[in-house]
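The values are calculated or read from the model by the stated rules, or taken from the named source; none is laboratory data. Quantities reported herein were computed from a predicted structural model and do not represent experimental measurements. Cβ placement follows ideal geometry from the backbone for every residue including glycine, while neighbour counts extend to all protein chains displayed. Accessible surface areas use protein heavy atoms only, side chains included; no ligands, DNA or RNA. Shrake-Rupley method; radii C 1.70, N 1.55, O 1.52, S 1.80 Å.
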Amino acid sequence: MNPILVSVLSMGLLALAFATILAVVNRRLSVREDPRVEAVLEALPSANCGACGFASCRDMAERIVKGDAEPGACPVGGAESARRIAEILGLGEVEVVEKVAVVHCAATSEQKVKVAEYRGVTSCSAANLLGGEYACRYGCLGYGDCVRACRFGAISMVDGRPRVDVERCTGCGKCAQACPREIITLEPYDRERGETIFVACNNPDRAPAVRRVCEVGCIGCRMCARTSDNGAFYMDGNLAKVDYGKVYESGNWDEVAEKCPRKVIHSTGRVRMERAA
Amino acid sequence: MRSFRGGVHPPYNKATQDRPIERVSPPERVVVPLSQHTGAPCEPSVEKGQEVERGQKLGEAKAFISAPVHTPISGVVKEIAPHPHPVLGEALAVVVEGGGEMEDWPRGDVDPDSLEPEEIRMRVREAGVVGLGGAAFPTAVKLSPPKSIDTVILNGCECEPYLTADHRTMLERAEDCILGLRLVMRAVGAERGMIGVEANKPDAMEALRRASDGEVEVVPLKVKYPQGAEKMLIKALLDREVPTGGLPMDVGVVVQNVGTAVAVTEAVRDGKPLIERVVTVAGEVGRPGNYLVPIGTPFSYLMEVAGGLKEGVSQVVMGGPMMGIAQRSLDVPVVKGTSGILFLREVPPAEEGNCIRCARCVDHCPMELMPTLFVKFAKGERWDLLESAHIMDCIECGSCAYVCPARIPIVHYIKLGKLKVRSLK
Amino acid sequence: MELLLIFVAAVLTNNFVLHYFLGICPFLGVSSRIETAVGMGLAVIFVMTLTATVTWLIYHHVLVRFGLPFLEYAAFILVIASLVQVVEMFLRKFSPELYRALGIYLPLITTNCSILGLALFMVLREYDFIEGLVFGIGAGIGFTLVLTIMAGIREELAFADLPRAFRGAPITLITAGILALAFMGFSGLIRV
Amino acid sequence: MSRRPWYREYLKGLWEENPIFRMLLGMCPTLAVTTSAVNGLSMGLATTFVLTSTSLVVSIIRKLVPSQVRIATFTMIIATFVTVADLFLKAKFPAISKALGPYVPLIVVNCFILGRQEVFASKNPTGRSILDALGVGSGFIFALTLLGSIRELLGSGEVFGHEVIPSWHPWVVMILPAGAFLTLGFLVAAMNIIEERTR
Amino acid sequence: MEGRLVVAVSPHIRAEMDTRRVMMGVIVSLVPGIAVGVWFFRWHALALLASCLAETLSAEALACILRRKPSTLGDLSAAVTGVLLAMVLPPTLPFWAAFLGGVVAVTVGKQVFGGLGQNIFNPALVGRAFLMAAFPVLMTRWVAPGPKVVTAATPLALMKFDHRATPLLDLLVGKVGGCMGETSALALLIGGLFLVLKGYADWRIPLSYLGTVAMLGSIPWAFRPDLYPSPMFHLLAGGLMLGAWFMATDPVTTPVTKVGRYMFGIGAGVLVVIIRLWGGLPEGVMYSILLMNAVTPLIDRYTVPVPFGGKR
């Protein structure tokens, strides 16, 4: 017999036999999987970074489809992936407010009053168990848990306090979770000017107590609350706070920041504009 | 001699064991924190400017797990404000100014068998008695166990180096210890009373035996740290193991510190609230010793009473060196859980080496845990794995860190890990 | 006795991973967790046993009979691909957990050279049916053994402070190298 | 993807998508045959031949193949070309064929050949697919030859059979499996360092 | 009170034993073995020791510089590796080969894994296994002890290939061919007992290791004493004493659990007997330990003890 013919025939028969088996098995053992999971997974960045708190992107995709997670739950994909996921699931437009991390303590290691020698695990959560080495019980401990928590390299320690690179910050909130003193929060930014205004102090004590522990803490003088034209600044006890519902409508917030005697009202500097778009 | 597995033998340094308890005349200003115990802080029951009598209640315990606080001196309430606290860092405290010499509290009389258990519990609770061994758990709560109790154990081990307050208490107040034990037995309905004492205190055992007329068992135990940990003590005395996550009452036992027993006696017999306690002051001070100190006395005042500091003190610890808490300043007051104040010169080196997996920590852990895993997971921030490694069973006795040749602050990692495990739930 | 020699050789002395470099991709990829490694290993043992059986039958009763041994690569790969797909569907149905854990590596069993290598070696060494079967099981067990040891080591290394450049594949390869050195102790145990 | 200039399709395979150093695929032949530089080079050439031919065919028929059976189809195509390469080597270069042993047929299951079909040839026009295949193939040849040279050098003091270090005391371990693993491990680490420095 | 107070988590006192002392203890307990080696092999032994030490120390220092970490020479672990490596090399090995062994031991065996405490395999044995694979001829060229260089086979090789037993007394004293520091079982035993009794190492592994070898070794001997070596011979010959007391007790590469340490010893013992009796090589101590090093993570993982008060 012609070897070519035999080859073709035998391979063909083999292929046929296996195709049949596969077909049968496929029918017998088929598992129904929601095709939307694959689609949602496509819309996610697949970085498997874990910033959302789920095990993996696939895990998150399954949960989104099940309804256990919001379409905008991926902090990295941001508005774009949220929009696509919402589209896939037929939910329509989803509003995602973009935020950046701000640090409510701006004191350098020299400006904070040091009261103890700390020996132990070099992490903020660990140091916080002992109160750390500085007198202020509300300020930055300075061991950089937030730096390690950030997967985007957006935070670095400068002069003993964290500095957020707003260009890199995705607003995922990992740093805020990592900070044992809750000094870091996520706040919206001014879409016009691309910057976030915030109070760089978290100490609610009265002026003498603040002055004892820090050179630059908020002393609760109410100056910001008095000079703001639309009440965008208010006092929470002895600590100035920003009302983000109003502050970007305010016409004079940079003037308010200028007037603060302790200069604790800071701006993040310009956030990359295309993120807002 | 009876004991438990694991444990360590730190140098005991009990230089103050021959120094009789000495009463400290009260300072002019005491700071009485409203939270000196495990559980909910109590609420102030006085106002600023109010005059108070010695023994008057300053704070009322509203929650079940709580204990009231009383003023150790007569005087005027100066302020009610946050104040440095030796355990909590900062807590609401009542400041009383006054002073004058303190007299002995008038002694009452009581027959333990004639009192109803409820009456005992009520008096103990009103007196604000908490465990004086260090953990400061409200005693009245321990006296109302929801399970049946067959044995009450008095803990006279005092296995922490330096501390001798319990030793002196047993020696000088043996009868009050025994009476306290009988009151506790009456309150929980237990038949059996035992006192476990480390074998290095034969004089204390002798005194207790004499005072007890053989009714309670005074048992010598192997000299080994942490013999005085509740679970280790129960294991050594009764060969019962408290189940993981459980309490002594799960094996039918209530454990009380000997100092607590004396406080119970005073509360029930004399109606005296817990306004003073025995504190061992040791280390680099002029006159180390055992002092009967009013609660709320600042450490700095006590330091002066004890003869002032010597050269080169770099660390002040409240409690023993194995489990005590390092203090940031001497402005903190003596609280109910202050068993000792140590002024230490030598401090363990700051440098942490690599774990060489020598397993000394594993071999010495009295809870038979794997501290290697705790450090590994905590360093790798795998908080999820810590709980399944049984981190919550750790009693933080410090044996592992004590023996670690790499000088790893294991207990620090464990405390951090526990914090994270709790916050993940 | 002959069978025992084949078995021990496949497991220890001529281990597929450490001696023939077969199945390195899954060895590098799936060895980061012990559970996954064991799962993968079991899947490979299963597939190898099946492959040994089926390819032997096909080679001897189809290809040789019709004088077509030059078709062996194509035929073998066809058999293996189908088998793996069956295993995949099987797992998907009966053990979704395992299916998820093994993830993309299940299809990769198809391209796991150890499976094709097994078939090729079997033909090369002219094993009879039973020998082929023992060889298949042995090779699978050897693969699983090394994979599991590696997974244990890598779980430990996950907590080590490795130099950055060595994280991931490099340290795994170096560890495999040392493991290969250690396995040389078995040499001479069996002369193949 | 196709917006890139055409020569990038070739160049990317040399470094960013180098199958060995960056993507860590196709390790089995890499480790097995690189006992000498010549073996590494031959294996690289054979693999590149298979890869390029397969990419050519796949990119031509890419629209005809239903997605369910695409993997099987690709594999069969690869197997065909591997058989061709194997028979060619056996006929023309028997010595090399013997040295490479069963690792020539094992090209069939080289993960990155299939990988290129999946991610590139099945989605791109013929010209680009061939460039891509040639690029990745060159990267593969580069890696194999480098590895083979190092192992040959340390193992016998020679490279491509030429004495480089006179009176070198051979390190036998380098031609053993252990040497292969260790060398590749350090090589990948070195590439990681280079990558980090140049980025 | 001058200055600020130190805050740290308890305990505030520490035992005196630190890593450096542990390593020093190992070195001290190796002294008898080294002394015998130097006595028998003279300047060969000293030169070997010097080149291994020089290389492990400089490789360690270099690795620390490259990784921009503080120097770890002070913990003496590199010194221990150097001494141990020298002891498991043939006395006539050229210096450049010993040098290479030192490099491999410290870099491949230890530093690429992240340094002290994180390596999976015993560094000295990695160095030796590498040399063994690289230079099989050089690594099996043995000389008889004494001032003159006379080629001699090791007792194990004599046993394996010629079925000739060496007198036990010679094994005990060390008047036999073999690696620089492995020949005298007695000297090693003294050092090993010191190591264990002073608490520098755990006794469980040597005990279970030696015990397993003796027990398993006696089974074939009981049937064919003419063909198989006696258990005493097993214990005293080759590198077993050195391996059991000093290599298998390396804390870094052995299990941390007590049960695990018994398992390690038993496993290594089984492997030694298998390799010695049926393998192609006369000696299997090195391989047995390396192989058990490899499974140590698995052992540790599956022998986690039940905590106090847990269900047993």
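What residue, among those in region B:330-347 that are at the interface with chain E (Cβ under 9 Å from one of its Cβ atoms) and either among the charged types (D, E, K, R) or in contact with a Pro (Cβ under 8 Å, 6 or more places away or on another chain) (or both), is nearest to B:V258 (Cα to Cα)?
Start the filter on region B:330-347 by keeping residues that are at the interface with chain E (Cβ under 9 Å from one of its Cβ atoms), which leaves B:330, B:342-344, B:346-347.
If we keep only those that are either among the charged types (D, E, K, R) or in contact with a Pro (Cβ under 8 Å, 6 or more places away or on another chain) (or both) too, we end up with B:330, B:342, B:344, B:346.
Values: B:L330: 27, B:L342: 21, B:L344: 26, B:E346: 30 Å.
Checked region B:330-347; the qualifying residue nearest to B:V258 (Cα to Cα) is B:L342.
Which is without any contact (Cβ under 8 Å) to a residue 60 or more places away in the chain and of a type in the set (K, R), of B:R173, B:R186, B:R182, B:R210?
Working: B:R173 fails: without any contact (Cβ under 8 Å) to a residue 60 or more places away in the chain; B:R186 fails: without any contact (Cβ under 8 Å) to a residue 60 or more places away in the chain; B:R182 fails: without any contact (Cβ under 8 Å) to a residue 60 or more places away in the chain.
Of the residues listed, the single one that is without any contact (Cβ under 8 Å) to a residue 60 or more places away in the chain and of a type in the set (K, R) is B:R210.
I want to confirm something. Restricting to region B:406-425 and keeping residues that are touching a Phe, Trp or Tyr at 6+ places or on another chain (Cβ under 8 Å) and at the interface with chain E (Cβ under 10 Å from one of its Cβ atoms), which single residue is surrounded by the fewest Cβ atoms within 10 Å (Cβ to Cβ)? The residue in question is B:I414. For the residues B:A282, B:A236, B:A261, B:A267, the requirement of being open to solvent by less than 10 Å² (accessible area, probe 1.4 Å), of a type in the set (G, A, S), within 14 Å of chain E (Cβ to nearest Cβ) and assigned to a helix (DSSP H, G or I) singles out B:A236.
Every listed requirement among (1) away from chain C (no Cβ under 13 Å); (2) open to solvent by 10 Å² or more (accessible area, probe 1.4 Å); (3) not small (G, A, S) is met by E:F308 save one, (2). Listed here are the helices (runs of 4 or more DSSP H) enclosed by region D:90-178 that have at least 1 residues being in contact with a helix residue (DSSP H, G or I) (Cβ under 8 Å, 6 or more places away or on another chain) and farther than 30 Å from C:L71 by Cβ: D:126-156. Scanning region B:348-365 for residues being at the interface with another protein chain (Cβ under 7 Å from one of its Cβ atoms) and either open to solvent by 30 Å² or more (accessible area, probe 1.4 Å) or closer than 16 Å to E:L116 by Cβ (or both) gives a total of 8. Looking only at residues of region B:1-27 that are open to solvent by 80 Å² or more (accessible area, probe 1.4 Å), over 20 Å from the mean Cα position of the chain (by Cα) and within 12 Å of chain E (Cβ to nearest Cβ), we find that the one that is nearest to B:K231 (Cα to Cα) is B:R5. No other residue among B:E47, B:E79 is open to solvent by 50 Å² or more (accessible area, probe 1.4 Å), free of Cβ contacts under 8 Å to residues at least 40 places away in the same chain, within 14 Å of chain A (Cβ to nearest Cβ) and more than 26 Å from B:L344 (Cα to Cα) apart from B:E79. Of the residues that make up region E:249-267, is at least one more than 17 Å from the chain's Cα centre (by Cα), over 16 Å from B:D363 (Cβ atoms) and away from chain C (no Cβ under 14 Å)? Looking through region E:249-267, none of the residues is more than 17 Å from the chain's Cα centre (by Cα), over 16 Å from B:D363 (Cβ atoms) and away from chain C (no Cβ under 14 Å).
Within region C:158-192, being more than 7 Å from every other protein chain (Cβ to nearest Cβ) and open to solvent by less than 10 Å² (accessible area, probe 1.4 Å) holds for one residue alone: C:T172.
The residue pairs whose first member lies in region E:159-182 and is under 17 Å from E:I34 (Cβ atoms), whose second member is modelled with pLDDT under 80 and open to solvent by 20 Å² or more (accessible area, probe 1.4 Å), and whose beta carbons are closer than 6 Å, counting only pairs six or more residues apart or on different chains, are E:K175/E:P145.
Among the conditions (1) modelled with pLDDT of 85 or more; (2) touching a helix residue (DSSP H, G or I) at 6+ places or on another chain (Cβ under 9 Å); (3) buried (at least 21 other Cβ atoms within 10 Å of the Cβ), the only one that A:V247 does not satisfy is (1).
Could you tell me whether B:V316 is more than 19 Å from B:P72 (Cβ to Cβ), in the same structural domain as B:G128 (by TED's automatic domain parsing), aliphatic (A, V, I, L, M) and under 19 Å from the mean Cα position of the chain (by Cα)? Against the criterion (more than 19 Å from B:P72 (Cβ to Cβ), in the same structural domain as B:G128 (by TED's automatic domain parsing), aliphatic (A, V, I, L, M) and under 19 Å from the mean Cα position of the chain (by Cα)), B:V316 does not qualify. The set of residues in region D:84-114 that are touching a Pro at 6+ places or on another chain (Cβ under 8 Å) and either within 7 Å of chain C (Cβ to nearest Cβ) or open to solvent by 20 Å² or more (accessible area, probe 1.4 Å) (or both) comprises D:Y103, D:L106.
Of the residues D:T47, D:T35, only one is polar (S, T, N, Q) and either free of Cβ contacts under 8 Å to residues at least 24 places away in the same chain or buried (at least 24 other Cβ atoms within 10 Å of the Cβ) (or both); which? Talk me through it step by step, then tell me what you get.
Values: D:T35 fails: either free of Cβ contacts under 8 Å to residues at least 24 places away in the same chain or buried (at least 24 other Cβ atoms within 10 Å of the Cβ) (or both).
Checking each option against the conditions leaves just D:T47.
Residue-level check: of (1) within 27 Å of B:P68 (Cβ to Cβ); (2) aliphatic (A, V, I, L, M); (3) assigned to a helix (DSSP H, G or I), B:V255 misses just (3). Within the bounds of region A:266-276, is there any residue that is among the polar types (S, T, N, Q), closer than 25 Å to A:D165 by Cα and either surrounded by 15 or more Cβ atoms within 10 Å (Cβ to Cβ) or at pLDDT below 80 (or both)? Yes - at least one qualifying residue is present in region A:266-276. Has region E:54-69 got any residue that is touching a Gly at 6+ places or on another chain (Cβ under 8 Å), farther than 21 Å from E:R141 by Cβ, among the aliphatic types (A, V, I, L, M) and open to solvent by 20 Å² or more (accessible area, probe 1.4 Å)? There is at least one residue in region E:54-69 that is touching a Gly at 6+ places or on another chain (Cβ under 8 Å), farther than 21 Å from E:R141 by Cβ, among the aliphatic types (A, V, I, L, M) and open to solvent by 20 Å² or more (accessible area, probe 1.4 Å).
Taken over region C:20-38, residues that are open to solvent by 10 Å² or more (accessible area, probe 1.4 Å), more than 9 Å from every other protein chain (Cβ to nearest Cβ) and not polar (S, T, N, Q) amount to 3.
In region C:39-82, how many are away from chain A (no Cβ under 14 Å) and either without any contact (Cβ under 8 Å) to a residue 60 or more places away in the chain or open to solvent by less than 30 Å² (accessible area, probe 1.4 Å) (or both)?
First, pick out the residues of region C:39-82 that are away from chain A (no Cβ under 14 Å): C:39-49, C:52-53, C:56.
Still in the list and also either without any contact (Cβ under 8 Å) to a residue 60 or more places away in the chain or open to solvent by less than 30 Å² (accessible area, probe 1.4 Å) (or both): C:39-41, C:43-44, C:47-48, C:52.
Counting residues in region C:39-82 that are away from chain A (no Cβ under 14 Å) and either without any contact (Cβ under 8 Å) to a residue 60 or more places away in the chain or open to solvent by less than 30 Å² (accessible area, probe 1.4 Å) (or both) gives 8.
Suppose we filter E:F161, E:F121 for residues that are within 14 Å of chain B (Cβ to nearest Cβ) and either under 14 Å from E:D250 (Cβ atoms) or more than 21 Å from the chain's Cα centre (by Cα) (or both); which single one remains?
Step by step, each of E:F161, E:F121 is checked, and only E:F121 is within 14 Å of chain B (Cβ to nearest Cβ) and either under 14 Å from E:D250 (Cβ atoms) or more than 21 Å from the chain's Cα centre (by Cα) (or both).
Find the residue count for region B:376-405, including only residues that are crowded, with 22+ Cβ neighbours inside 10 Å and more than 21 Å from B:M232 (Cβ to Cβ). Total meeting the criteria: 4. Set side by side, the residues A:G153, A:G160 differ, and just one is on the phi > 0 side of the Ramachandran plot, open to solvent by 30 Å² or more (accessible area, probe 1.4 Å) and either touching a Cys at 6+ places or on another chain (Cβ under 6 Å) or of a type outside the set (F, W, Y) (or both), which is A:G153. Residues that are in a helix (DSSP H, G or I), within 26 Å of E:G238 (Cα to Cα), away from chain B (no Cβ under 14 Å) and open to solvent by less than 10 Å² (accessible area, probe 1.4 Å) do not occur anywhere in region E:19-26. With respect to (1) touching a residue at least 40 places away in the same chain (Cβ under 8 Å); (2) closer than 20 Å to A:C105 by Cβ, the lone exception for A:Y248 is condition (2).
If you go through region B:19-45 one residue at a time, how many are within 20 Å of B:G89 (Cβ to Cβ) and part of a loop (DSSP other than H, G, I, E, B)? Residues that pass the stated criteria total 9.
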